[in-house]
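Remarks on the structure that follows.
The values are calculated or read from the model by the stated rules, or taken from the named source; none is laboratory data. Computed from a predicted structure; not experimentally measured. Cβ placement follows ideal geometry from the backbone for every residue including glycine, while neighbour counts extend to all protein chains displayed.
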Amino acid sequence: MTGLIIAPSILSADFSKLGEEVRAVDEAGADWIHLDVMDGHFVPNLTFGPGVVKALRPHSRKPFDVHLMIAPVDPYLAAFADAGADAISVHVEAGPHVHRSLQTIRALGKRAGIALNPGTPAAMVEPLIDLLDLVIVMTVNPGFGGQSFIPSTLETVARVRAMAAGRDIDIEVDGGITAETVGLAAAAGANAFVAGNAVFSAGPAGYADRIAGIRAGAQDHSGTLSC
Ligand code: DX5
Ligand code: ZN
């Protein structure tokens with residue numbers, strides 16, 4: 001575990017001024033910038049590709065946490081690495097060779113992550129553990145911001161945390177995280193928290209307060225449940 005991380009997702013930002021939005025959440029205390037890439041095929045929504053990631057790179061020095069919800073994913077890994085991603089996560093379900101995808105991300109010199117859908121068992125992590133720097137446990141079904149947190153995913157968080165014991169692996173929850181739900185995820189063992197709607201719905205003047213509120217909620221409950 002590498003400490004408590006708050007990662008605002010720009011999926012809920014104002015897309016007409018993304019550079020400004022990235023700068024605003026950076027200055028408001030974001031630890032990572034979470035970038036959701038969707039292809040309209042793996043998930044029923046479309047967002048942006050490596051060109052936008054590259055265009056945003058000069059707007060923040062914080063790590064870019066790139067979450068790829070695309071299939072196939074392998075043909076695009078190098079493009080996202082070149083665009084300035086620091087961590088690249090792929091879905092277990094995105095192709096038949098997730099082990100190879102993780103090897104490729106590591107070979108590109110980036111932190112490698114997998115993402116588990118709410119219906120995907122924690123056991124999928126086990127054979128991949130040596131290749132992982134990050135596990136994203138989806139706490140909503142991927143595709144859209146502003147959905148409600150799914151409580152059954154907490155069991156997955158706890159199982160992944162137990163599997164990751166003694167290793168330098170971040171466990172990140174993604175979807176429906178607010179100052180209220182974040183405590184549940186932290187107690188189950190998550191140490192990184194994506195928040196889209198809960199940060200951006202405040203408007204720029206409220207970003208710092210929202211990020212601080214989520215951080216405080218996580219700190220209050222961090223590691224309070226044993227796995
Ligand atoms: C969902 C994305 C999330 C999303 C979270 O598919 O992976 O990162 O932006 O948004 P909120 O925090 O609004 O649920
Ligand atoms: Zn995401």
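Just checking, which of Val140, Val135 is among the β-branched types (Val, Ile, Thr), in contact with a Pro (Cβ under 9 Å, 6 or more places away or on another chain) and under 24 Å from Leu11 (Cα atoms)? From the options Val140, Val135, the qualifying one is Val140.
Scanning the stretch 2-14 turns up at least one residue that is in a loop (DSSP other than H, G, I, E, B), more than 16 Å from ligand 1 (Cβ to nearest atom) and β-branched (Val, Ile, Thr). Comparison of Thr120, Thr156 shows that the only residue that is of a type in the set (S, T, N, Q) and either away from ligand 1 (no atom under 16 Å from the Cβ) or in contact with a strand residue (DSSP E or B) (Cβ under 7 Å, 6 or more places away or on another chain) (or both) is Thr156.
Residues that are more than 11 Å from ligand 1 (Cβ to nearest atom) and farther than 14 Å from Ile171 by Cβ were ranked within the stretch 129-140; the one that is surrounded by the most Cβ atoms within 10 Å (Cβ to Cβ) is Leu131.
Condition check ((1) under 30 Å from Pro44 (Cβ atoms); (2) surrounded by 16 or more Cβ atoms within 10 Å (Cβ to Cβ); (3) of a type in the set (A, V, I, L, M)) across all residues:
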residue	(1), (2), (3)
Pro142	yes, yes, no
Ser148	yes, no, no
Thr181	yes, yes, no
Asp209	no, no, no
Gly213	no, yes, no
Ala216	no, no, yes
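Number of residues in the stretch 62-79 that are out of contact with any Leu (no Cβ under 8 Å at 6 or more places or on another chain), touching a residue at least 24 places away in the same chain (Cβ under 8 Å), not in a helix (DSSP H, G or I) and not hydrophobic (A, V, I, L, M, F, W, C): the value is 2.
Taking helices (runs of 4 or more DSSP H) as the structural unit, those lying wholly within the stretch 136-227 and holding at least 1 residues that are of a type in the set (Ser, Thr, Tyr) correspond to 153-163, 207-221. With the structure loaded, tell me whether Ser89 is small (Gly, Ala, Ser), within 14 Å of ligand 1 (Cβ to nearest atom) and closer than 23 Å to Arg57 by Cα or whether it fails that test. Considered against the rule, which asks whether it is small (Gly, Ala, Ser), within 14 Å of ligand 1 (Cβ to nearest atom) and closer than 23 Å to Arg57 by Cα, Ser89 comes out as yes. Got at least one residue in the stretch 80-91 being more than 16 Å from ligand 2 (Cβ to nearest atom), assigned to a loop (DSSP other than H, G, I, E, B), modelled with pLDDT of 95 or more and at negative phi? No, the stretch 80-91 has no match at all.
Of all residues in the stretch 152-163, those that are more than 11 Å from Leu116 (Cβ to Cβ) have Cβ atoms under 8 Å from Cβ atoms of residues that are of a type in the set (D, E, K, R), 6 or more apart or on another chain, in Met163/Glu126.
A single member of Ala79, Ala94, Ala83, Ala55 is of a type in the set (A, V, I, L, M, F, W, C) and in contact with a Lys or Arg (Cβ under 6 Å, 6 or more places away or on another chain), and it is Ala83. The residue list Asp130, Asp170 contains one member that is within 14 Å of ligand 2 (Cβ to nearest atom), at pLDDT 95 or above, among the charged types (D, E, K, R) and farther than 26 Å from Gly40 by Cα, which is Asp170. Taking first residues from the stretch 196-208 that are of a type in the set (S, T, N, Q) and partners that are outside any helix (DSSP H, G or I) and within 16 Å of ligand 2 (Cβ to nearest atom), the Cβ contacts under 7 Å between residues at least 6 apart in sequence or on separate chains come to Asn197/Gly145; Asn197/Gly146.
Among Gly189, Gly166, which is away from ligand 1 (no atom under 12 Å from the Cβ) and surrounded by 20 or more Cβ atoms within 10 Å (Cβ to Cβ)?
Every option except Gly189 fails the conditions.
Any idea which residue in the stretch 22-47 is surrounded by the most Cβ atoms within 10 Å (Cβ to Cβ), counting only those that are of a type in the set (Asp, Glu) and away from ligand 2 (no atom under 16 Å from the Cβ)? Among residues in the stretch 22-47 that are of a type in the set (Asp, Glu) and away from ligand 2 (no atom under 16 Å from the Cβ), the one surrounded by the most Cβ atoms within 10 Å (Cβ to Cβ) is Asp26.
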